[in-house]
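Read the figures in this text as sums done on the coordinates, not as results from a lab. What you see is a predicted model; the values in this text were computed from it and never measured. Reconstructed Cβ throughout: ideal geometry from the backbone, glycine too, with neighbour counts over all protein chains shown.
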């Protein structure tokens, strides 16, 4: 699969997990679950993972690469890539309109 498609899909999946309003309730539940957990415990690490773009992008890239090799999940990679590209275009357009 094209490396640009992989990069766009990874970027979008990372954003979906760490920033999107759609997944905010899940992040909130994870943070509540991890509240007060010792540093570097599994709970604390999962909470960090769902809020850290750099951390999540490594795992998102792994998931996208695995998905890109399956006939069943390959279309999802394309959908994530198209969504990521659309958001980038929107961001550029918004900057140009300022």
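Observations on the model:
- Test for residue 20: is it loosely packed, with under 15 Cβ neighbours inside 10 Å and in contact (Cβ under 8 Å) with a residue 24 or more places away in the chain: no
- Of the numbered criteria (1) under 27 Å from residue 2 (Cβ atoms); (2) surrounded by fewer than 16 Cβ atoms within 10 Å (Cβ to Cβ), the one residue 68 fails is (2).
- Those residues of the range 49-59 which are free of Cβ contacts under 8 Å to residues at least 12 places away in the same chain and exposed (fewer than 14 other Cβ atoms within 10 Å of the Cβ), in sequence order: 54, 58
Conditions (1) over 18 Å from residue 15 (Cβ atoms); (2) free of Cβ contacts under 8 Å to residues at least 40 places away in the same chain; (3) in contact with a strand residue (DSSP E or B) (Cβ under 7 Å, 6 or more places away or on another chain), marked per residue:
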| residue | (1), (2), (3) |
| --- | --- |
| 28 | no, yes, no |
| 61 | no, no, no |
| 64 | no, no, no |
| 74 | yes, no, no |
| 77 | no, no, no |
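- The requirement of being loosely packed, with under 14 Cβ neighbours inside 10 Å and more than 11 Å from residue 10 (Cα to Cα) is not satisfied by residue 46.
- Residue in the range 16-28 that is outside any helix (DSSP H, G or I) and farther than 17 Å from residue 81 by Cα present: no
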